[in-house]
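Student: One structure, pasted below without further comment.
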Amino acid sequence: MDAPTDPRAAVWMAVARRCADDEREFSPAFVDALSQVAAGVAETLGRDLEAFARHAKRAKVSVDDVRLCARRNPDWTASL
């Protein structure tokens, strides 16, 4: 099966697969809502990374930009 080209569809597929792997049963509405939240978080993260790079007058996102984004989430910070 080919991977979807639409990023939101790809996120939905990833969430649906993860939910299917769980022993609990999730409704399609839950999968849809969770995929929308995940896509929204990814979009916000992407915008933040671009803004940090632009502020530093760089064309590319760097590890430092990722660290700046991670400071909002203690679990991410600990993993870096």
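The values are calculated or read from the model by the stated rules, or taken from the named source; none is laboratory data. Bear in mind the structure is a predicted one, so any value in this text is a computation, not a measurement. Using ideal geometry, Cβ is built from the backbone for each residue, glycine included, and neighbour counts are taken over all protein chains shown. SASA here: full protein model, heavy atoms, side chains in, ligands and nucleic acids out. Shrake-Rupley method; radii C 1.70, N 1.55, O 1.52, S 1.80 Å.
Student: Once fully extended, how much extra length lies between ARG71 and HIS55, figured as 0.36 nm per residue of separation less the alpha-carbon to alpha-carbon distance?
Tutor: Between ARG71 and HIS55, full extension yields an extra 4.1 nm.
Student: Residue separation times 0.36 nm, minus the C-alpha to C-alpha distance between PHE26 and GLU43: what's the value?
Tutor: Length gained, PHE26 through GLU43: 3.7 nm.
Student: Taking a quarter of the surface of the Cα convex hull of the chain, what do you get in nm²?
Tutor: Here the figure is 7.1 nm², rounded to one decimal.
Student: Using a 1.4 Å probe on the protein heavy atoms, what percent of the accessible area of the chain belongs to carbon and sulfur?
Tutor: Details: 3730 of 6430 Å².
C and S fraction of accessible area: 58 percent.
Student: Right, another one. Along the Cα→Cβ direction, 7 angstrom out, place labels at LEU80 and ALA14. What is the inter-label distance in nm?
Tutor: 1.8
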